[in-house]
């Protein structure tokens, strides 16, 4: 047996323990890593002794670490499982290994398509291939599509009703279709689904949840339903969701990065969370009886920006399902579902701030009686996800002050410890993506699927720069928004613009001038006081300083078209388009097909 085989066998043995031992191991790794990083940071700051400013910097640094360290260990463990486990999926969903794929579908399933003020043509273009495939599967009588509309724009509502009436007519006698529109968006998406439960929930055993930009195949839905049928203890089964091919430069680069890090991160998280898995609100299957019994979300008391109905419902529904005695698991396979991503930085920020406000509404659920410890962690992590942003922003500001007032950097920082800490943090930040990059480069078929080695490496390099610019822009944005939230600023549930569109310089300036001002102020301060610190501060301050041109350039249709044609950010679904993505006529798929087959 080779050394690699020996290491692999030992790794699989170590990772195959009970769920309790996995959680103990994971917690030990996370706590010890946080402790080690804090110790190293303290050593770095101890050059002139630890004063009040140093202690404040350490406290802020501690607040930024849980998200980073947990993400690192999720990705690292996920990579080890991907490389060495014989059946990585079985470690996340044990019942999946019993599914052959030919089991009869006996349970009735409602497919819930949730829409609100969406242009109906693209939505219909995405759902019709699924309906055609389902109607030919031999199991059409086990499924019923419900179009659950919360549209309140009269023109869109009229087109929507007409469009789905045409769909119902085309599938009459082949597949059941019901269109329902509420006139008030009461309870947001959770209220939309609750209304379905009250009207039709008892008619079905399962519900498949789709967003307006979701794409799922019949094979994926049948696989998820078969797993749910095989295990009556499963309450929610979440499929891994990846990005649809896009011609938007922003979405294209962003979802390429997601593809690099998502699978290893999800497998690692599923390995230790087990039956307390995540739910992302779409591309998932729910068991309706316990969902209706345990997952109803009453509004919070009115008053203040965090009152009223929850904007982010999914994670709370997951923990309530687990409290009710049913498992919540994620199936980490990349061919189960796709989603569209926001086409511009401004749309991305708008969606992200809605999640931010929604997650801040989770505070009262931390003390909900009967929750599993892992579920309480998940609620806390959902809060830390956004509360770490003000910590990063304040950390940068305080560090800038400390450096600016020092006569010599050696008076406040031990260089060797500082360089070591910086390198470790940078590696941990990109560990999940590095793992997938190694995995792709080691397999010729995977390299080809991403457009070849040269395109793949170029895409990795561009995405790395993009991520380093984007992350601090989001941190600054969360900080500004959370500050405004204290004074009643809210975002609500606005219509999402999913279509590619240009962003003008004036629009970018209007939305992003605070980011630019703060980032530029930090870099400018260092330029006049301690220029040697600029390369380090730039990892956080440069992105916000360049936020306006980044928003304009990544929204440019010509830039997006150029990246598509050159193959930067290419996904496997573009190189070899599956049948279900050819039917919606996605522009990215058409452009790539034209490049690969110029005579076609």
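Just to be sure before I move on: is residue 460 modelled with pLDDT of 95 or more, touching a helix residue (DSSP H, G or I) at 6+ places or on another chain (Cβ under 6 Å) and in a helix (DSSP H, G or I) in the structure I sent? Break it down into steps so the answer makes sense when it comes.
On the way: modelled with pLDDT of 95 or more: yes; touching a helix residue (DSSP H, G or I) at 6+ places or on another chain (Cβ under 6 Å): yes; in a helix (DSSP H, G or I): yes.
In short, yes.
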Would a scan of the stretch 99-106 turn up a residue that is surrounded by fewer than 17 Cβ atoms within 10 Å (Cβ to Cβ), touching a helix residue (DSSP H, G or I) at 6+ places or on another chain (Cβ under 8 Å), under 30 Å from residue 405 (Cβ atoms) and touching a residue at least 12 places away in the same chain (Cβ under 8 Å)? no
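Just the residues that are outside any strand (DSSP E or B) and surrounded by 18 or more Cβ atoms within 10 Å (Cβ to Cβ), please, taken from the stretch 141-162.
Start the filter on the stretch 141-162 by keeping residues that are outside any strand (DSSP E or B), which leaves 141-142, 150-162.
142, 150, 151, 156, 160, listed by residue number.
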Consider the stretch 200-215. How many of its residues are modelled with pLDDT under 95 and under 18 Å from residue 329 (Cα atoms)? 0
Whether any residue in the stretch 228-238 is within 30 Å of residue 438 (Cα to Cα), modelled with pLDDT of 95 or more and in contact with a strand residue (DSSP E or B) (Cβ under 8 Å, 6 or more places away or on another chain) is what I want to check. yes
Looking at the stretch 293-307, can you tell me whether even one residue there is part of a helix (DSSP H, G or I) and surrounded by fewer than 24 Cβ atoms within 10 Å (Cβ to Cβ)? yes
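Assess whether residue 320 counts as being part of a loop (DSSP other than H, G, I, E, B) and over 15 Å from the mean Cα position of the chain (by Cα).
Details: part of a loop (DSSP other than H, G, I, E, B): no; over 15 Å from the mean Cα position of the chain (by Cα): yes.
No.
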Please give the helices (runs of 4 or more DSSP H) falling wholly within the stretch 500-566 in which 2 or more residues are loosely packed, with under 14 Cβ neighbours inside 10 Å and without any contact (Cβ under 8 Å) to a residue 40 or more places away in the chain. 505-529, 557-566
Looking for whichever is surrounded by 23 or more Cβ atoms within 10 Å (Cβ to Cβ) and more than 26 Å from residue 364 (Cα to Cα) here; the options are 277, 268, 235, 243. Which one fits? 268
Say whether the condition of being part of a helix (DSSP H, G or I) and over 17 Å from the mean Cα position of the chain (by Cα) is met by at least one residue in the stretch 347-355. no
Pick from 50, 45, 63: which is within 24 Å of residue 385 (Cβ to Cβ) and either touching a helix residue (DSSP H, G or I) at 6+ places or on another chain (Cβ under 7 Å) or without any contact (Cβ under 8 Å) to a residue 12 or more places away in the chain (or both)? 63
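Looking only at the stretch 212-258, filter to residues that are part of a strand (DSSP E or B) and over 14 Å from the mean Cα position of the chain (by Cα); which one of those is nearest to residue 551 (Cα to Cα)? Before the answer, list the steps.
Start the filter on the stretch 212-258 by keeping residues that are part of a strand (DSSP E or B), which leaves 214-215, 234-239, 242-243.
Subset that is over 14 Å from the mean Cα position of the chain (by Cα): 215, 234-237.
Numbers: 215: 27, 234: 42, 235: 41, 236: 37, 237: 36 Å.
Per the stated criteria, the residue is 215.
The values are calculated or read from the model by the stated rules, or taken from the named source; none is laboratory data. Here the structure is a predicted model, which means the values were calculated and not measured. Because the Cβ atoms are built from the backbone with ideal geometry, glycine has one as well, and the counts that use them run over all protein chains shown.
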